[in-house]
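Notes for the one structure printed next.
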Amino acid sequence: MKQTKSSTLRKVLHYAKPYNNKLFWVILSVITLSIFAALRPYMVKNVVDVYVEAKDINGLIFYVILMAIVLILEVGSQFFFTYIANWLGQNIIKDIRTELFNKIMKFKLSYFDNEPVGRLITRTVSDIENIASIFSQGLFMIVSDVLKMIVVLGIMFWMNWKLTLIVIVAMPVLLYATRIFQKHMKVAFEEVRLQVANLNTFIQERLTGMKIVQLFNREEIEYENFKKINQKHNDAWQKNILYNSIFFPIADIVSSVTLGCVIIYGGFSIVQGDHLTTTGDLFGYTMMISMLFNPLRQIADKFNVMQMGIVAADRVFEIIDRDDLIQSQGKLTAPIFKGAIHFKDVDFSYGNGKKVLNGINLSINPGQTVAIVGSSGAGKSTIINLLSRFYDIQSGSISIDGMNIQDFTLNSLRKQIAVVLQDVFLFSDSILNNIILDNDSISKEEVITAAKKIGINDFIEKLPGGYDYNVKERGVMLSSGQRQLIAFLRAYMNNPSILILDEATSSIDTYSEELLQNAVEIITKNRTSIIIAHRLATIVNADLIVVMDQGNIVETGTHIELLKKENGVYKNLYNSQYASAVNN
């Protein structure tokens with residue numbers, strides 16, 4: 001359910017609680033700023049009425065010095081207020097961003113299946129920056145302006161109630177215009193934020209997939225698509241500009257007409273000998289009308305800034321408040337597993353109602369190497385996603401060493417399981433950091449020893465800088481085979497009880513495959529291992545082969561046993577691949 005503006009603001013202010021002492025100083029500076037600012041025009045009135053008209057030079061000099069002191073105090077209050085308000089805003093968004101990122105890190109993978117990465121980047125970066133403006137340019141500035149207006153209006157009444165009535169008559173017009181302006185600007189800002197998110201998503205996806213764009217000659221098509229999205233972004237901002245262009249001239253006209261009326265009425269009063277109105281009043285009122293109407297005019301602008309911050313906060317809290325976390329009531333710390341895995345009557349679907357797994361029953365003994373084969377979409381990768389609890393099953397149970405995996409804490413469970421995927425992801429960092437993932441307990445010497453053991457140290461040492469070689473974003477400086485080898489070493493350094501290879505030997509060169517097969521033999525030794533592969537030649541020596549089709553286990557057995565089955569699914573798969581290899 002969509003939050004109201006007030007409830008969103010309350011949520012944001014909740015994050016200010018740890019900084020209550022700074023909040024006190026902000027409030028104090030707001031009060032002093034409004035008092036000093038309102039004193040200036042009143043002092044100008046006194047200068048004119050008391051010292052200028054009386055031609056009192058000494059008194060005039062003294063009063064000018066006094067005015068200078070008040071001005072310095074006002075500037076000091078303004079500086080202190082601006083600094084503390086911005087400091088507070090930046091610390092609050094730091095806390096919100098930390099909470100947001102922590103929440104995103106714990107979401108189910110199904111959330112990322114449906115949420116564009118560009119949109120999440122917008123929420124984490126630009127939307128949160130806009131929340132800071134609630135404090136730096138919005139809420140506190142509005143409070144400061146309102147307080148200043150109240151003090152100024154009080155002084156105006158005390159100085160000359162007749163002239164003040166003229167000013168008050170004009171204020172409802174400006175207040176009404178401000179209200180209409182705010183209403184339309186809220187809608188405009190929501191559209192702007194939507195188009196910013198769409199633009200970020202589009203750019204992020206195209207930059208990430210630039211190879212596909214160029215490979216399929218889609219440059220012109222994507223250029224035209226970008227122009228359309230960019231135009232929508234521009235249109236949203238143009239509407240924002242239009243509303244500003246209408247409102248601010250109206251505000252200026254109301255302010256100027258009011259000032260003219262005050263001068264005309266006050267001038268006639270002085271000429272006609274009205275002792276209630278003085279020349280000093282006119283000087284003071286020209287300043288006070290500006291101090292009264294400018295904040296009122298700027299409040300609308302500051303409301304827009306705050307509105308944008310609140311719209312951004314709505315989007316951020318929409319993510320923070322989501323219940324997409326993996327449910328983890330597990331309290332047990334997973335021990336070093338022996339590796340006995342049991343799937344019992346496991347059903348699973350990705351949320352579209354179509355089952356991906358249908359009553360799966362599978363037992364894997366400790367230290368066993370089990371291969372899972374089948375066509376694309378058969379449910380092979382789903383099994384390993386469930387074992388690592390990236391997704392949760394709808395029914396049935398999955399246990400390791402006789403304990404339900406849901407009884408373990410997520411961190412301790414995943415620490416015992418290492419996965420090497422076909423599409424290896426490497427960070428823009430050194431090879432060493434991509435292997436240890438900033439784990440200070442693993443030394444470089446240990447990594448080199450492990451690399452030598454599984455036979456990939458030579459290839460790393462030949463790279464410029466060796467283990468300090470920066471592989472750039474997603475590891476683009478390495479071949480697919482080299483990335484796989486790095487991923488293998490990363491998994492090995494984790495010393496898992498259970499190893500999972502998901503298509504880890506596909507789409508690599510012959511040299512890398514030889515290294516990888518050697519690494520497989522070493523890393524799977526005396527360790528429960530699950531290998532998922534299309535290339536059946538890589539799993540012929542597995543202790544058990546599980547054949548899947550449309551979410552069901554249709555055959556199990558060793559390579560020899562399965563080849564003996566007449567018209568068996570595995571036999572047909574193997575024969576078709578073997579025949580294809582011979583023909584090629």
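The values are calculated or read from the model by the stated rules, or taken from the named source; none is laboratory data. Just so you know, these numbers come straight off a predicted model, no measurement behind them. Every residue, glycine among them, receives a Cβ derived from its backbone with ideal geometry; neighbour counts consider all protein chains shown. Note: accessible area is taken over every heavy atom of the protein model, side chains too, but ligands, DNA and RNA are not part of it. Shrake-Rupley method; radii C 1.70, N 1.55, O 1.52, S 1.80 Å.
The number of residues in region 186-212 that are surrounded by fewer than 19 Cβ atoms within 10 Å (Cβ to Cβ), within 19 Å of E222 (Cβ to Cβ) and among the β-branched types (V, I, T) comes to 3.
Restricting S397, S480, S428, S443 to those that are in contact with an Asp or Glu (Cβ under 6 Å, 6 or more places away or on another chain) and open to solvent by less than 80 Å² (accessible area, probe 1.4 Å) reduces the list to S428.
Pick out the one residue from I166, I128, I155 that is β-branched (V, I, T) and either closer than 30 Å to I92 by Cα or surrounded by fewer than 15 Cβ atoms within 10 Å (Cβ to Cβ) (or both).
None of the others qualify; the one that does is I128.
K55 fulfils the conditions (1) open to solvent by 40 Å² or more (accessible area, probe 1.4 Å); (2) free of Cβ contacts under 8 Å to residues at least 40 places away in the same chain; (3) in a helix (DSSP H, G or I) except for a single criterion, (3). Of all residue pairs spaced 6 or more apart or on separate chains, none has beta-carbon atoms under 6 Å together with a first member in region 99-118 that is within 16 Å of F202 (Cα to Cα) and without any contact (Cβ under 8 Å) to a residue 12 or more places away in the chain and a second member that is open to solvent by less than 40 Å² (accessible area, probe 1.4 Å) and among the aromatic types (F, W, Y).
Of all the numbered requirements in (1) out of contact with any Ser or Thr (no Cβ under 9 Å at 6 or more places or on another chain); (2) surrounded by 17 or more Cβ atoms within 10 Å (Cβ to Cβ); (3) of a type in the set (G, A, S); (4) within 22 Å of V196 (Cβ to Cβ), A177 misses one, and that requirement is (4).
Can you name every residue in region 443-493 that is assigned to a helix (DSSP H, G or I) and basic (K, R)?
Selection gives K444, K452, K453, R474, R483, R490.
Scanning region 339-356 for residues being modelled with pLDDT under 90, open to solvent by less than 20 Å² (accessible area, probe 1.4 Å) and in a strand (DSSP E or B) gives a total of 1. Say whether the condition of being more than 21 Å from V146 (Cα to Cα), surrounded by 15 or more Cβ atoms within 10 Å (Cβ to Cβ) and in contact (Cβ under 8 Å) with a residue 40 or more places away in the chain is met by at least one residue in region 26-42. No: region 26-42 contains no residue that is more than 21 Å from V146 (Cα to Cα), surrounded by 15 or more Cβ atoms within 10 Å (Cβ to Cβ) and in contact (Cβ under 8 Å) with a residue 40 or more places away in the chain.
Yes or no, residue by residue, for (1) touching a Gly at 6+ places or on another chain (Cβ under 6 Å); (2) within 30 Å of M43 (Cα to Cα); (3) at pLDDT 85 or above:
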| residue | (1), (2), (3) |
| --- | --- |
| F226 | no, no, yes |
| H233 | no, no, yes |
| N244 | no, no, no |
| I250 | no, no, no |
| V257 | no, yes, no |
| V262 | no, yes, no |
| F268 | no, yes, no |
| V271 | no, yes, no |
| H275 | no, yes, no |
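Among residues of region 223-236 that are on the phi < 0 side of the Ramachandran plot, those with a Cβ under 6 angstrom from a residue that is of a type in the set (V, I, T) and at pLDDT below 90, sequence gap 6+ or separate chain, pair up as A236/V192.
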